[in-house]
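Here's the structure we're looking at; comments come further down.
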Amino acid sequence: LRNLKEVVIESPYFRFYNIISFKGCVNLEKITCPEDARIVLDWDCEVLSDTAWYQKEGFRILGTTLIRYNGDRETIADIPENIELIEDNAFSHLEGLKSITLPDHVTQISRKPSRSTQETSMRPAASV
């Protein structure tokens, strides 16, 4: 699987279980799925953490699920409007993150999206 470069998820609902299915897939750069897909990671599932896709800068989004944010480590993360679910530890590596703005469409936030040592405030977008 080391040479795997692309994964296509055709289902509108897909669950990654806490297994090492993509462990070592460092060349995986592209994961596609339906725009309205609901992707779920079980617990502290790190099945994608070795992949090039997971390490890219910016929001790592699959369908309507925010998997990870690789960006500004200190101030504000304005979550894109199409996001409905924020997965566990999406912001866990951003220890200085102080504020996250939630769009109207976020309907679920997994157990703990941030492991920050400081308190991180989560607030609705200004339009709420």
Original post:
Just how much of Glu46 is accessible, in Å², when a 1.4 Å probe is used and the result is rounded to the nearest 10?
Top reply: 100 Å²
**OP:** Grab the Cα-Cα distance for Thr107 and Glu81, subtract it from 0.36 nm times how many residues apart they are, and report the gain in nm with one decimal.
**Re:** 8.2 nm
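The values are calculated or read from the model by the stated rules, or taken from the named source; none is laboratory data. Quick caveat: nothing in here was measured; it's all calculated off a predicted structure. What goes into the accessible areas is simple: the full protein's heavy atoms, side chains included, and nothing from ligands, DNA or RNA. Shrake-Rupley method; radii C 1.70, N 1.55, O 1.52, S 1.80 Å.
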